[in-house]
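This report refers to the structure that appears directly beneath it.
The values are calculated or read from the model by the stated rules, or taken from the named source; none is laboratory data. Remember, it's a predicted structure, so these values are computed and weren't measured experimentally. A quick note on method: Cβ atoms are made from the backbone with ideal geometry, for glycine too, and the neighbour counts reach across all protein chains shown. These area figures cover heavy atoms from the full protein model, side chains too; ligands, DNA and RNA do not enter into them. Shrake-Rupley method; radii C 1.70, N 1.55, O 1.52, S 1.80 Å.
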Amino acid sequence: MDRTRLHALLARESAEAERRNPRSRAAYADAGHLFGRVPMTWMNKTAGAFPRYLASARGARVTDVDGQRYIDFCLGDTGAMAGHSPAPVTEAVQRRFAELGGATAMLPTEDAEWVGAELTRRFGLARWSFSLTATDANRWAIRLARAVTGRPKILVNSYSYHGSVDESLIVVGPDGKGAPRPGNVGAPCDVTLTSRVAEFNDLDQLARELAHGDVAAVLMEPALTNIGIVLPEPGYLAGVRALTRQYGTLLVNDETHTFSAGPGGCTAAWGLEPDLLTIGKAIGGGIPAGAYGLSADLAERLLARADLDLVDMGGVGGTLAGNALSVAATRATLEHVLTDEAFAHMDRLSARFETGVRSAVQEHGLPWSVSRLGARTEYRFADPAPRTGTASEAAADPELEDFLHLYLANRGILLTPFHNMALMCPDTTEQDVDTHTAVFGAALLELAG
Ligand SMILES: Cc1ncc(COP(=O)(O)O)c(C=O)c1O
């Protein structure tokens, strides 16, 4: 990569963003009362000097306050995998909130059992409980796993992401041992007191860590999706299940992103058998919603424990979790939007996207790899595709990523700020994918000089 050329291109695209988006730029400059100038600090993780401000969004389209329109492959980093404001969810939310009312009445609604049954049909877990975010679903699953096993530690894969969960802020350090994730602002104690870590795709390391006998649960994505997509090698997931059973450790599949693999995520697509499953983001169709599922056996064991406070202030639950509005939105999403047919459409378009990117990369002889997990495709600046989180982290190239993101955004295409990731939704079209392929190809041509 010619860095001088890349810097010049980056400067040109930054200037173009300023020209195209004066109102967004001014809004950012004026936002003196917000911590880091944004409603949430991660919104600063954007290519260029300021984020584009949202005006409206529908289906696979976003319009910013400057009137620029985008094909949205970011889709709220999965929160909008159902498309923005899909009609069935809009109707369900309007009915629940405006007509019926009672979003936070602290009473169950009949929709909840429908959603529980549908989640069981899709993912196999027998009992369900709700949260508002995937982070909380993970937190509560972890607490239940510790309570039922009596073990203190949680094992995660190096450079995985499971939300702002303290136990997950651990990576494999240069000496091969667990170390705090660089820069984390998590719990004020040594993370190795609460956690163990193993590289994805490394069963030997997993076996060594589990052999200590102190791991309550392995919390993992069946494929890593937050450090590029790192796919499991043949036999890896079966090995994880065998080892967790051997060492009496529970297995929690976090399907928040891997839901892209199909209507029942990787768990259904690959016949996995976790003890717990967590999910958030997409299931609410844009309304905050999360859930965790437990096996029937685990649920019974937990409910039989009179010493555990699962109903009051014992550490699981939130006042707004399972609220009528979130549950109504989740029902509408699962019943009418993220259907089997929608997933088939998304999968087909994602394969088209993958082919387009791969052809352009090959045409320019770039040492990049492209990985796909159903409706989600991502490219990484390494070839072959990294097989662990640490290797994938080492392949990051923030400047190159910024250039590509800015180049695409200035031509009406949004990718997820944290990734070179594109997600399809039910409203994405072939034309959208082909537009991306053309613009991406043009970006590579400019890089080649
Ligand atoms: C796999 C996974 N789990 C959990 C989360 C946390 O989701 P949320 O921030 O909505 O709580 C994320 C967020 O990106 C995720 O990718």
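Observations
- Summed over the range 346-399, residues that are closer than 22 Å to Thr258 by Cβ and either within 20 Å of the chain's Cα centre (by Cα) or small (Gly, Ala, Ser) (or both) total 31.
- Within the range 409-434, being in a helix (DSSP H, G or I) and either open to solvent by 40 Å² or more (accessible area, probe 1.4 Å) or within 17 Å of Ala57 (Cα to Cα) (or both) holds for Ala409, Glu430, Gln431, Asp432, Asp434.
- Condition check for Thr90: of a type in the set (Ser, Thr, Tyr), open to solvent by less than 70 Å² (accessible area, probe 1.4 Å), touching a residue at least 60 places away in the same chain (Cβ under 8 Å) and within 23 Å of Cys425 (Cβ to Cβ): no
- Residue within the range 180-199 that is touching a Phe, Trp or Tyr at 6+ places or on another chain (Cβ under 8 Å), modelled with pLDDT of 95 or more and away from the ligand (no atom under 16 Å from the Cβ) present: no
- On the stretch given as the range 261-282, residues that are hydroxyl-bearing (Ser, Thr, Tyr) and either without any contact (Cβ under 8 Å) to a residue 60 or more places away in the chain or more than 11 Å from the ligand (Cβ to nearest atom) (or both) total 1.
- Residue that is farthest from Arg121 (Cα to Cα), among those in the range 276-302 that are open to solvent by 30 Å² or more (accessible area, probe 1.4 Å) and in a helix (DSSP H, G or I): Arg301
- Test result for Phe440, within 17 Å of the chain's Cα centre (by Cα) and either of a type in the set (S, T, N, Q) or outside any strand (DSSP E or B) (or both): no
- Residue identified as in a helix (DSSP H, G or I) and either at pLDDT 95 or above or closer than 30 Å to Ala49 by Cα (or both) among Ala396, Ala342: Ala342
- For the range 200-239, a residue qualifies if it is more than 16 Å from the ligand (Cβ to nearest atom) and open to solvent by less than 20 Å² (accessible area, probe 1.4 Å), and the qualifying residues are Asn201, Gln205, Leu206, Leu210, Val215, Ala216, Tyr236, Gly239.
- The one condition from (1) surrounded by 20 or more Cβ atoms within 10 Å (Cβ to Cβ); (2) within 16 Å of the ligand (Cβ to nearest atom); (3) more than 25 Å from Val230 (Cα to Cα) that Leu144 does not meet is (2).
- Of all residue pairs spaced 6 or more apart or on separate chains, those with beta-carbon atoms under 6 Å, a first member in the range 419-440 that is at pLDDT 95 or above and a second member that is of a type in the set (Val, Ile, Thr) and buried (at least 16 other Cβ atoms within 10 Å of the Cβ) are Ala422/Thr377; Asp432/Ile71; His436/Ile413; Val439/Ile413.
- Some residue of the range 40-47 being within 26 Å of Ala324 (Cβ to Cβ), in contact (Cβ under 8 Å) with a residue 12 or more places away in the chain and assigned to a loop (DSSP other than H, G, I, E, B): no
- Hey, Leu308 open to solvent by 10 Å² or more (accessible area, probe 1.4 Å), more than 16 Å from the ligand (Cβ to nearest atom) and touching a helix residue (DSSP H, G or I) at 6+ places or on another chain (Cβ under 6 Å) or not: yes
- Ala134 meets each of the listed conditions (1) within 16 Å of the ligand (Cβ to nearest atom); (2) farther than 27 Å from Glu199 by Cβ; (3) open to solvent by 10 Å² or more (accessible area, probe 1.4 Å); (4) not charged (D, E, K, R) apart from (2).
- Filtered residues of the range 68-98 (kept if among the aliphatic types (A, V, I, L, M) and either touching a Leu at 6+ places or on another chain (Cβ under 8 Å) or more than 16 Å from the ligand (Cβ to nearest atom) (or both)): Ile71, Leu75, Met81, Ala82, Ala87, Val89, Ala92, Val93, Ala98
- Residues in the range 283-301 that are small (Gly, Ala, Ser) and within 16 Å of the ligand (Cβ to nearest atom): Gly284, Gly285, Gly286, Ala289, Gly290, Ala291, Gly293.
- Scanning the range 344-371 for residues that are free of Cβ contacts under 8 Å to residues at least 40 places away in the same chain and of a type in the set (Phe, Trp, Tyr) turns up just one, Trp368.
- Residue match in the range 54-69 (condition: over 29 Å from Leu349 (Cβ atoms) and without any contact (Cβ under 8 Å) to a residue 24 or more places away in the chain): no
- The single condition among (1) in the same structural domain as Arg376 (by TED's automatic domain parsing); (2) open to solvent by less than 20 Å² (accessible area, probe 1.4 Å); (3) more than 16 Å from the ligand (Cβ to nearest atom) that Ala103 does not satisfy is (1).
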